[in-house]
Structure formats: C-alpha cells, structure tokens
1. Leu191 - would you say it is over 20 Å from Leu8 (Cα atoms) and touching a His at 6+ places or on another chain (Cβ under 7 Å)?
2. Among the residues of segment 33-44, write down those that are outside any strand (DSSP E or B), under 17 Å from the mean Cα position of the chain (by Cα) and of a type outside the set (Val, Ile, Thr).
3. Please go through segment 90-133 and pick out each residue that is in a strand (DSSP E or B), in contact with a Ser or Thr (Cβ under 7 Å, 6 or more places away or on another chain) and open to solvent by 30 Å² or more (accessible area, probe 1.4 Å).
4. Examine segment 195-203 for a residue that is open to solvent by 60 Å² or more (accessible area, probe 1.4 Å), at positive phi and not polar (S, T, N, Q), and state whether such a residue exists.
5. Please find, among Leu84, Leu140, Leu53, Leu103, the residue that is closer than 25 Å to Pro217 by Cα and of a type in the set (A, V, I, L, M).
6. For the list (1) open to solvent by less than 40 Å² (accessible area, probe 1.4 Å); (2) aliphatic (A, V, I, L, M); (3) in contact with a Leu (Cβ under 8 Å, 6 or more places away or on another chain); (4) assigned to a helix (DSSP H, G or I), I need the number of the one condition that Leu28 fails.
7. Failed condition for Gly57, given (1) on the phi > 0 side of the Ramachandran plot; (2) open to solvent by less than 20 Å² (accessible area, probe 1.4 Å), with all others met?
8. Go through (1) of a type outside the set (Lys, Arg); (2) within 17 Å of Ala100 (Cα to Cα); (3) open to solvent by 10 Å² or more (accessible area, probe 1.4 Å) one by one and return the number of the condition Thr21 breaks.
Amino acid sequence: MTSSQGFLGFWETTGSAKTFTHPLDPALLDVYVPRSARVLDYGCGYGRLTAELAGLGYRAVRGVDVSAALIARGQREHPELELLRCPGFPLPFEDGAFDAALLFAVLTCVPRDADQTAIVGELGRLVRPGGVLYLSDVPLQGDALNRERYARFAERYGTYGVFETPDGGVFRHHPPERLRGLVREAGFSVLKERAGSAATLDGRTAERLQIIARREPAAPAPSPGPASG
C-alpha cells in the first residue's frame with residue numbers, strides 16, 4: 001500500500017492492521033509473466049501478494065512500500081521475503097531492472113493526481129522494454145453509498161471519486177480512462193482488460209478493473225537533418 005505523504009499517517013497506524021483483500025488473478029498473470037521473471041510488487045503492504053507470488057513459483061520477487069509499519073509487519077509475517085521500505089522516488093533500482101510490476105489497489109490509496117503520475121511513471125522507468133505492468137484498481141462505483149460520498153467530498157479534495165472513511169482513511173475511485181491514461185503516459189500500451197469484483201477493506205464488494213500493459217521501447221532520437229553548406 002502507498003499513499004501521498006499527507007495521508008501516510010493512516011497507513012502507519014490504523015491502516016497497518018487491516019487485512020488486504022484485493023485478489024490476484026493467477027491465471028491472467030500466468031499468460032503474461034513467466035515464473036523466471038523479475039517482479040516488483042509496488043505498494044506491497046505487508047507482503048500479502050508478494051508471498052502469493054513466491055508461493056506460485058515466482059523466484060525473483062521484491063516488494064516495496066512507503067509505510068514503515070506495513071513493511072515491519074510484513075517482515076514479521078514473511079521473514080523469507082525481500083520487502084523494502086521506500087519512502088520516495090527514485091526507487092533504489094536501475095532502469096529496466098524488472099520484467100514485470102504489480103500495482104494492486106495502490107492508486108485507490110493515493111488521492112492526488114501528481115502522486116499517481118509519479119508512481120506509474122517510476123514503474124515505467126523500472127520495467128524493461130517489453131516487460132509488463134499488471135494493474136488492478138477500483139473504478140468509479142454506481143451504487144448510492146459511493147455516489148453520495150463522492151459528491152460529499154468532491155469540493156474538499158477537488159476530485160470526484162475521492163472520499164474519506166470513518167476510520168481516517170482517504171481513498172479514490174477512478175474513471176477507467178484515468179487508469180488507462182496513466183498507463184499510456186508512462187510508456188505502456190494496454191494489452192488486456194478484465195472487469196470483476198473484489199472485497200474492500202470495510203467488508204463490502206466493489207467492481208474492479210484489471211489492466212495488463214506492455215512497456216514500449218523508447219522512441220528513437222530523430223536523425224539529424226542534412227548539413228547545409
């Protein structure tokens with residue numbers, strides 16, 4: 001899990017005790033990411049999905065998160081995993097260091113546009129050309145509860161879809177095109193989308209959108225024109 005710095009306190013306190021529920025789709029992952037891939041689980045929280053990946057046979061998995069409390073919990077619960085607290089960018093990895101990255105229910109915890117752009121852009125740096133980003137997040141919901149809280153908090157946060165929860169969390173649901181746009185801006189092209197549902201932290205069920213995207217090679221520099229004489 002990750003969040004902009006202004007909302008990090010929730011993930012160092014109340015949020016660090018939550019049980020995360022956003023599910024991995026192993027069959028979808030298997031189509032695009034081989035077991036030998038170097039995988040980054042960004043916003044790994046306490047390593048729930050990092051551990052699941054290792055259990056599926058992925059041998060080179062790293063998890064990173066901005067929250068010290070969540071990483072400490074992950075190191076207690078999964079001492080065999082490589083989990084690292086990274087409070088800012090750039091992350092301590094070379095360009096193209098990973099064949100794939102996971103971004104699971106992370107952007108929903110990041111209310112600000114600039115922070116979201118920075119996260120996906122950093123994954124664009126870290127995933128090699130031809131590598132894969134597997135994003136799963138929560139689009140705007142159509143039920144009455146969510147529509148009411150989107151409207152109630154829109155003026156405070158300046159974005160329709162951002163809302164607060166009674167326990168102090170701040171979350172964001174997205175127009176699907178917002179998620180696609182973030183992926184494209186970071187140099188990925190969408191290969192596959194899959195809609196479905198997922199349990200939420202408060203015990204409800206929400207619609208979710210999964211996106212598989214491939215990192216495109218950098219555009220070649222333009223050739224110099226003919227010299228004038």
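The values are calculated or read from the model by the stated rules, or taken from the named source; none is laboratory data. Bear in mind that the values here come from a model prediction, so they are computed numbers and not experimental data. Neighbour counts are summed over all protein chains in view; Cβ atoms, including those assigned to glycine, are modelled from backbone coordinates with ideal geometry. These area figures cover heavy atoms from the full protein model, side chains too; ligands, DNA and RNA do not enter into them. Shrake-Rupley method; radii C 1.70, N 1.55, O 1.52, S 1.80 Å.
1. Judged against the criteria, Leu191 is not a match.
2. Start the filter on segment 33-44 by keeping residues that are outside any strand (DSSP E or B), which leaves 33-37, 43-44.
Remaining after also requiring under 17 Å from the mean Cα position of the chain (by Cα): 33, 43-44.
Hits for segment 33-44 are Gly43, Cys44.
3. Looking only at segment 90-133, we keep the residues that are in a strand (DSSP E or B), and these are 98-104, 127-133.
Add one more test, that the residue is in contact with a Ser or Thr (Cβ under 7 Å, 6 or more places away or on another chain), and what stays is 104.
Result: no residue meets the conditions.
4. For segment 195-203, residues open to solvent by 60 Å² or more (accessible area, probe 1.4 Å), at positive phi and not polar (S, T, N, Q): present.
5. Numbers: Leu84 fails: closer than 25 Å to Pro217 by Cα; Leu140 fails: closer than 25 Å to Pro217 by Cα; Leu53 fails: closer than 25 Å to Pro217 by Cα.
Going through Leu84, Leu140, Leu53, Leu103 in turn, the sole match is Leu103.
6. It fails just one condition, (3).
7. (2)
8. Here Thr21 clears every test but (2).
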